[in-house]
Amino acid sequence: MKKNNNLQKEAPTTSQNDWSEIWKLFRESAEISKEVKQLSKENEQRFKETDKIIKNLSKQIGGISNSNGDVAESYFFNSFKKYPHFAEQDFESVEGNVNKYSKSLNLKGEYDLLLSNGTSVAIIEIKYKAKKEDVAEVVSKVETFKILFPQYKDYSLYLGLAGLSVEKGAEKEAIKQGVGIIKQVGKNMVINDAHLKVY
């Protein structure tokens, strides 16, 4: 029987140079991995700092918005104190920032301005810039108001929307809904209440 020398092959051997190259590649790979981890940590820190900056800016913007609202509320409250006239009548009482909560009914109402006399009461919603959707907001307060303030059940109830600036769409919607529009023109408060509806 003849031996087949072709079947017997020697396994390739790895030379010392090959092992050196392999170890060199492993070390480079480990260095790259370290660098990637370091960059990842740095990016994470940058993201945290960016997040902190964004939160701070949001807080500042919210503060500006709240300040604008405070300016508008102060202006209209003081104007109505000086000239308490709306719905073609004078009002004896002008109250600002009226909040009422009924625990038993689990019902809460917030009213920027309430005007009242012996026969009528008016809810005035105040905005820095009055928009069309603000008309629906003031109209939506009627039902809650009637529940929370039963002492006004026999009074005529009027609604108004006040803004240091008023979008045209808001004015048109207010007229359609029978809500008075109160705005600042120069240093004066101008009231458009000719189209009022009793709620």
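The values are calculated or read from the model by the stated rules, or taken from the named source; none is laboratory data. A quick note: this is a predicted structure, and the numbers were derived from the prediction, not measured. Don't worry about glycine lacking a Cβ; one is built from the backbone with ideal geometry, like all the others, and counts go over all protein chains shown.
Kindly provide the set of residues from the stretch 119-140 that are crowded, with 18+ Cβ neighbours inside 10 Å and in contact with an Asp or Glu (Cβ under 7 Å, 6 or more places away or on another chain), ordered by number.
Selection gives Ile124, Glu125, Ile126, Lys127, Ala130, Asp134, Val135, Val138.
Looking at Ala162, Ala174 in this structure, which one is out of contact with any Asp or Glu (no Cβ under 8 Å at 6 or more places or on another chain), within 30 Å of Asn106 (Cα to Cα), of a type outside the set (Ser, Thr, Tyr) and crowded, with 20+ Cβ neighbours inside 10 Å?
After applying the criteria, what remains is Ala174.
Can you name every residue in the stretch 150-166 that is touching a strand residue (DSSP E or B) at 6+ places or on another chain (Cβ under 7 Å) and farther than 15 Å from Val190 by Cα? Walk me through it before giving the result.
First pass over the stretch 150-166, keeping only residues touching a strand residue (DSSP E or B) at 6+ places or on another chain (Cβ under 7 Å): 152, 155-166.
Across the stretch 150-166, the qualifying residues are Tyr152, Tyr155, Ser156, Leu157, Tyr158, Leu159.
Take the residues in the stretch 151-170 that are without any contact (Cβ under 8 Å) to a residue 40 or more places away in the chain and under 23 Å from the mean Cα position of the chain (by Cα); name whichever of them is nearest to Ile126 (Cα to Cα). I'd like the intermediate steps shown before the answer.
Looking only at the stretch 151-170, we keep the residues that are without any contact (Cβ under 8 Å) to a residue 40 or more places away in the chain, and these are 151-155, 161, 165-169.
Applying the additional criterion that residues be under 23 Å from the mean Cα position of the chain (by Cα) yields 161, 165-169.
On the way: Leu161: 6, Ser165: 11, Val166: 11, Glu167: 14, Lys168: 16, Gly169: 16 Å.
Among those that are without any contact (Cβ under 8 Å) to a residue 40 or more places away in the chain and under 23 Å from the mean Cα position of the chain (by Cα), it is Leu161.
Quick check on my filter: what residues within the stretch 71-120 are assigned to a strand (DSSP E or B), among the aromatic types (Phe, Trp, Tyr) and under 15 Å from Leu157 (Cα atoms)?
Step one: list which residues in the stretch 71-120 are assigned to a strand (DSSP E or B), which gives 85-86, 89-90, 93-102, 107-116, 120.
Narrowing further to those that are among the aromatic types (Phe, Trp, Tyr): 86, 101, 111.
Residues satisfying the conditions are Phe86, Tyr111.
So, Lys187, is that one charged (D, E, K, R), closer than 21 Å to Pro84 by Cβ and without any contact (Cβ under 8 Å) to a residue 24 or more places away in the chain or not? Please lay out each step first, then the result.
On the way: charged (D, E, K, R): yes; closer than 21 Å to Pro84 by Cβ: yes; without any contact (Cβ under 8 Å) to a residue 24 or more places away in the chain: yes.
Judged against the criteria, Lys187 is a match.
Taking the condition modelled with pLDDT under 95, within 30 Å of Asn192 (Cβ to Cβ) and out of contact with any helix residue (DSSP H, G or I) (no Cβ under 7 Å at 6 or more places or on another chain), does Ile64 pass? Spell out the reasoning first.
Details: modelled with pLDDT under 95: yes; within 30 Å of Asn192 (Cβ to Cβ): yes; out of contact with any helix residue (DSSP H, G or I) (no Cβ under 7 Å at 6 or more places or on another chain): yes.
Judged against the criteria, Ile64 is a match.
So which of Leu157, Leu113 is surrounded by 14 or more Cβ atoms within 10 Å (Cβ to Cβ), at pLDDT 95 or above, more than 26 Å from Val71 (Cβ to Cβ) and among the aliphatic types (A, V, I, L, M)? Working first, answer last.
Details: Leu113 fails: more than 26 Å from Val71 (Cβ to Cβ).
So the residue among Leu157, Leu113 that is surrounded by 14 or more Cβ atoms within 10 Å (Cβ to Cβ), at pLDDT 95 or above, more than 26 Å from Val71 (Cβ to Cβ) and among the aliphatic types (A, V, I, L, M) is Leu157.
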